[in-house]
Amino acid sequence: MMDSLSGSLKDALKKLAGKAVVDRAAVDELVKNLQRALLSADVNVKLVMDLSKAIRTRSLDEELPKNTNVREHVLRIVYQELVRLVYASADLKLEPQVILMAGLQGSGKTTTTAKIARYFQKKGMKVGVICADTFRPGAYDQLSTLCAKINVPCFGNPKVTDARQIVREGLVAVKDQEVIIVDTQGRHALEPDLIQEIIDLNALTKASHRWLVIDAALGQQASEQAKRFHEAIGIDGVIITKMDGTAKGGGALSAVAETKSGIVFIGAGETIEDLERFDANGFISRLLG
Ligand code: GDP
């Protein structure tokens, strides 16, 4: 648990060591350090304030458990509240399923679609992909090239402009696969017809999962995007991409809070292998580091 905390937080925690009761000033200092770290990682102010309040209240009000010292007690609360902030990892089962990918253009949706195909393939499952991105020229070429590298069938037709038609045909074409991943179109902004299309695709595919792809560098817009997609189709997992860059992904936590769904995967590079299952400890460390 301690490993997750940065230097200044550890120093603040040390001030609690050896105390018989929780010291308000020491907790305030700890919370202030935590706030600084989270805000500089782009975590939304309201989320930071909620977390601060919970830590303060719980540290001062909760009874010190038996055989626990003050420092351990506060540290446990800090850790629990940070885990609550990032949510537990989203559910992922190795069973037949349809996954609908949502997200704006440039978020890394197409790359991530291929990465997820690879993930399930490595777990021994038969995977098929449908390219329903009829908006971005080259989307089908990009996805089919990535899929060809790993021998995963990819259905699409760059000449057809109706994503619903592609998906209808695609579901037939890849019906023998166990996991079917549907890449949808993304734009620079959430336009009403884009939302209507994804609602229709969700209904057509009877998707088991609807995952939202968010760029780690996305700041406060993450919340609005997540809200719109969530209202439309009910997002049940978030994927944060480009975590190999300098951004710590704190902005994406707004999407997690908005959809009340956990993070499924972290994208950390441009190759098809650069996908990791979300790990709360690792994410928290990076957020605070
Ligand atoms: P889409 O418009 O959402 O489908 O986005 P793309 O999948 O085409 O990705 C946009 C750009 O981001 C491409 O240059 C990708 O190589 C890059 N990209 C996607 N995921 C990652 C990642 O995890 N790390 C890095 N460094 N680049 C990524």
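The values are calculated or read from the model by the stated rules, or taken from the named source; none is laboratory data. These figures come from a predicted structure and were not determined experimentally. In this analysis, Cβ positions are derived from the backbone assuming ideal geometry, glycine residues included, and neighbour counts consider all displayed protein chains.
Taking the criterion of being modelled with pLDDT of 95 or more, away from the ligand (no atom under 12 Å from the Cβ) and surrounded by fewer than 24 Cβ atoms within 10 Å (Cβ to Cβ), would at least one residue in region 129-136 satisfy it?
no
Residues to consider are 286, 277; find the one that is over 30 Å from residue 193 (Cβ atoms), of a type in the set (Lys, Arg), under 13 Å from the mean Cα position of the chain (by Cα) and surrounded by fewer than 24 Cβ atoms within 10 Å (Cβ to Cβ).
277
Any idea which residue in region 109-128 is nearest to the ligand (Cβ to nearest atom), counting only those that are surrounded by 22 or more Cβ atoms within 10 Å (Cβ to Cβ) and of a type outside the set (Ser, Thr, Tyr)?
Here the answer is 109.
Answer yes or no: is there a residue in region 31-40 that is touching a Ser or Thr at 6+ places or on another chain (Cβ under 8 Å), among the small types (Gly, Ala, Ser) and surrounded by fewer than 21 Cβ atoms within 10 Å (Cβ to Cβ).
yes
Specify which of the listed residues (92, 104, 82) is of a type in the set (A, V, I, L, M, F, W, C), surrounded by fewer than 21 Cβ atoms within 10 Å (Cβ to Cβ) and under 30 Å from residue 213 (Cβ atoms).
After applying the criteria, what remains is 92.
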